[in-house]
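Report on the structure given below.
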Amino acid sequence: NAELRARLEEAEETLRSIRSGEVDALIVETADGPQVFTLQGLEAESNRFRGEILAQVSDSVIAMDLEQRVTYLNAAAERQYRVSASDALGHPLSEIFTRQWPYAGAEAAMEVALREYGDWRGELTHRTHDAREIAVETSITALHDESGVLAGYVAVIRDITERKRSAEELQGVNLLLDTLLQTAPVGFCFLDRDLRYVRINERLALINGIPAEAHLGRHVSEIVPSLVEPLRNVTGRILATGQAVVDHEFSGETPAAPGEMRFWNESWYPLRDGAGEVLGFGGIVEEITARKRAEAQLVNMNENLLVASLRQHELTEKAEWLS
């Protein structure tokens, strides 16, 4: 396509030279010997190149006159709308598809744009002659004859049905993910490879003591500096092995409680793109400070009981010796 476009541009530049009176004709060396090209011959060659290009592009290209009768249909349009050019030419465009506009006034806006600027582009839905609905991205350009009079329009149409469907599915997944993140009893966050917050739920924001929005785009060192080095060790292991690190204990201070040692049980997972490249890390954070304090108190209590028991044993032995 790039080569054909270059050839077409060269032919059109030659046409401009002839029209401007710079040359009357061209003599071109070909495999069959020298060939003379006049204005009429060059225009025919240019039209042939243009036809080759339009036939090979992957988007549908449909031209129509002022009465919306089809004057050109490329191969991609034949496939997309399941019609043949021979059956469509000269027939109303509405026999191929009808437009379903996304909002009231959209059609009027298109007409104004074409009338004032000669160009319009937008997204809408086409209902085809065989009752299919296709989401399309369309660009329409006004066509003028040699005297500048409006002669018709040409539309370049791209089928974006799958792209729209994927976007809707992704939106649904994001909604579900947001619901999960915001209602979970544990902290969640996503970090990029540089350890900057991409997403965070309210629970983890509360643990850190800084609003969720204030995390976004900021490095972990700006939020919880005491966790940077142990987190780098964990994410380094993930990048080296490709495996998650689960049930890893962290401890440190946060802005929520300066000067107070706190503890967390964290699991970190690699976040990959479609090619398997690690783009960042997902973290699940559970605060275990209360549990660690209870365990410490229990250990301390057991130690005190042991000391008391030994002391009692010593006193008993001493009393028996004295008696």
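The values are calculated or read from the model by the stated rules, or taken from the named source; none is laboratory data. Only a predicted model underlies this, so the values are computations on that prediction, with no experimental measurement involved. Note: ideal-geometry Cβ built from the backbone for every residue, glycine included; neighbour counts use all protein chains shown. Side chains included, ligands, DNA and RNA excluded: accessible areas come from the protein's heavy atoms. Shrake-Rupley method; radii C 1.70, N 1.55, O 1.52, S 1.80 Å.
Which one of 286, 295, 320, 314 is at pLDDT 90 or above and of a type outside the set (Lys, Arg)? Going through 286, 295, 320, 314 in turn, just one is at pLDDT 90 or above and of a type outside the set (Lys, Arg): 286. If you go through the stretch 231-255 and keep only what is open to solvent by less than 50 Å² (accessible area, probe 1.4 Å) and over 32 Å from the mean Cα position of the chain (by Cα), you end up with 250, 252, 254.
The selection criterion, being out of contact with any helix residue (DSSP H, G or I) (no Cβ under 8 Å at 6 or more places or on another chain) and assigned to a loop (DSSP other than H, G, I, E, B), holds for residue 260.
Total residues in the stretch 143-174 satisfying the condition of being within 23 Å of residue 80 (Cα to Cα), part of a helix (DSSP H, G or I) and acidic (Asp, Glu): the figure is 2.
In the stretch 144-170, the residues that are of a type in the set (S, T, N, Q) form Cβ pairs under 6 Å with partners that are at pLDDT 90 or above, at six or more places apart or across chains, as follows: 161/134; 161/135. Among the residues of the stretch 149-171, not a single one is farther than 30 Å from residue 198 by Cβ, surrounded by fewer than 13 Cβ atoms within 10 Å (Cβ to Cβ), among the hydroxyl-bearing types (Ser, Thr, Tyr) and modelled with pLDDT under 90.
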